[in-house]
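Since the structure comes first, as structure tokens, the remarks are kept for the end.
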């Protein structure tokens with residue numbers, strides 16, 4: 001290790017018959033001969049810094065009385081001199097010779113310089129040359145990296161392998177090679193220095209190597225392991241902490257649309273975390289809204305869906321029976337290209353109104369049935385209960401015509417009621433009572449003040465029919481049996497493999513009780529129903545006996561006095577997996593009693 005600096009000074013070597021130091025009258029002789037005098041024995045540059053220019057001079061003196069001729073001056077590499085010989089030195093005078101050295105490595109160097117002259121005693125003199133290269137310039141006891149040491153900054157004595165390193169000052173004081181802004185050595189600088197993870201910054205906890213941008217983050221441990229700044233108790237990022245973790249009121253911390261400030265939607269979720277599912281649902285919060293164009297259109301009086309164009313997407317069909325002064329209107333929206341959130345019925349993919357100039361209230365009820373005409377395709381059924389001054393009419397058209405810009409004049413079958421029947425008020429969908437693969441048409445009509453039903457089996461030839469030509473008609477058991485005019489879809493509720501039909505008779509009354517309400521069933525089977533005069537659909541005797549008044553069906557559920565059980569009803573899917581569909585019933589109840597919907601499992605016991 002070398003760390004001293006040497007100044008350049010002149011060197012004098014005195015030579016006569018031998019190399020001597022001058023010690024008597026300056027070594028002067030008087031025999032008329034030259035006498036070379038160099039008064040040093042070595043040339044030592046001392047310690048030089050790498051890349052610096054070192055320079056030393058020696059003096060050649062003629063101590064004789066004759067002319068001294070310097071023939072040659074030779075020097076070994078890596079040393080250099082500008083003097084090469086051919087010099088003349090007069091008696092009692094001297095001439096300088098300059099030697100230079102530039103260190104290009106940290107290895108010490110040695111060499112020699114040789115001077116030949118006409119000195120008769122010593123015609124050739126050689127002097128050794130020495131130089132050392134500095135490897136510890138700052139004197140801290142550690143050689144620099146270039147010389148094979150481990151001092152990473154040889155210009156600062158406070159920087160060396162054993163120095164104390166202060167983090168975040170931008171100086172690698174202990175020469176460990178660590179990023180001075182990444183104390184935990186996880187590859188990310190502290191966010192105070194560098195906020196951008198893409199450029200190696202953003203570490204929100206630089207004393208913990210397990211915390212850095214992109215690190216695995218375990219929710220609800222109160223540690224922001226990945227430095228994304230997100231609340232560790234708000235996994236869905238909706239601004240509300242988890243209710244399950246006891247930190248807030250978010251009842252579903254995996255869904256950002258569910259939190260205490262969300263608006264309840266009709267989606268089987270508790271959107272606003274009030275503990276109730278689908279309660280107080282605001283109509284304006286629907287995912288999609290269809291609107292009429294003028295007051296009184298009654299848009300949405302009835303709505304259904306079906307894949308009319310067979311593209312794999314159900315299309316939405318909307319009825320507006322009040323449009324155009326009561327003529328009515330049907331709008332079909334393409335299920336593969338629905339509007340984003342709201343659309344007027346005037347912008348439907350196809351729409352049509354009554355073919356008559358009179359009020360028919362087209363669109364009061366609409367439905368999609370399968371293979372009614374034995375074509376293998378769907379059909380659209382449209383009810384117009386005010387047609388022919390209240391006789392009513394049902395239009396049946398192919399799904400293809402309905403979707404691709406047809407109108408009711410393209411109907412392949414129509415059914416017309418008699419005076420006051422209001423035919424087309426309601427009818428069922430997805431009903432195949434006899435299991436022949438063709439949907440049947442079962443619907444409501446009115447006669448006097450009573451409710452009646454008609455049945456046309458699938459496979460009916462194209463044409464125009466009257467209600468009297470139905471395959472079968474059914475009546476309620478008395479004058480007080482008006483019912484909610486909404487008919488459920490069909491389904492197999494007794495497990496015999498045939499679709500059944502139920503009727504919601506919430507106002508049904510028998511002699512011993514008032515408005516107890518009930519649900520009536522017409523059972524499917526391989527034998528077709530057929531009659532020329534209406535038969536009683538279902539009734540119970542005062543003693544509770546079924547098939548009262550030769551009824552063809554059964555009353556499967558009955559409420560208590562004034563309960564109006566069955567104000568509405570439906571056949572739902574097979575929830576319990578026993579092969580039968582389930583029955584859903586709305587139960588208004590009476591004063592202080594239960595009000596709500598309940599499910600009755602389907603089974604053969606219902607018959």
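Per DSSP H run of n ≥ 4, the term is -39500 (n - 2.57); total these for the chain, divide by its residue number, and report the mean residue ellipticity at 222 nm rounded to 500 deg cm²/dmol.
Details: 3 runs with 13 residues, N = 607.
Helices in the chain give a 222 nm mean residue ellipticity of -500 deg cm²/dmol.
Which of rounded, prolate, oblate describes region 168-217, given a ≥ b ≥ c as roots of the alpha-carbon gyration tensor eigenvalues and a/c under 1.5 marking rounded, otherwise prolate only if a/b is larger than b/c? Walk me through the numbers before you get to the answer.
On the way: a/c = 2.33, a/b = 1.64, b/c = 1.42.
Prolate, since a/c reaches 1.5 and a/b exceeds b/c.
Testing the spin-label approximation: label points 7 Å from Cα along Cα→Cβ at residue 293 and residue 526. State their distance in nm. Between residue 293 and residue 526, the simple spin-label model gives 5.4 nm.
In what order do 571, 223 fall by count of nearby beta-carbon atoms within 10 Å, going from fewest to most? Mind showing how you got there, number by number?
Working: 571 24, 223 15.
Arranged by neighbour count, lowest to highest, 571, 223 become 223, 571.
As a rough footprinting exposure proxy, the listed residues 247, 473 were ranked by other beta carbons within 10 Å of their own, and the order from fewest upward is 247, 473. Spatial offset of region 361-387 relative to region 66-143 amounts to 119 Å, using the alpha carbon center of each.
Arrange 76, 414, 595, 135 by Cβ neighbour counts within 10 Å, fewest through most, would you?
Working: 76 14, 414 19, 595 11, 135 22.
With the fewest neighbours first, 76, 414, 595, 135 line up as 595, 76, 414, 135.
Among DSSP beta bridges whose residues both lie in the chain, state the antiparallel percentage, nearest 5. Given both bridge residues lie in the chain, the antiparallel proportion sits at roughly 80 percent.
Overall dimensions of region 288-425, expressed as equivalent-ellipsoid semi-axes from the Cα gyration tensor (√(5λ), whole Å, largest first), are 22, 19, 10. Is the C-alpha gyration tensor of the chain telling us rounded, prolate or oblate? Criteria: a/c under 1.5 is rounded; beyond that, a/b larger than b/c is prolate, otherwise oblate. Cα axes put the chain in the prolate bin.
Read the figures in this text as sums done on the coordinates, not as results from a lab. The structure presented is a predicted model; accordingly, all values stated were derived computationally and were not measured. When we count neighbours, we look across all protein chains shown, and the Cβ atoms used for this are built from the backbone with ideal geometry, even at glycine.
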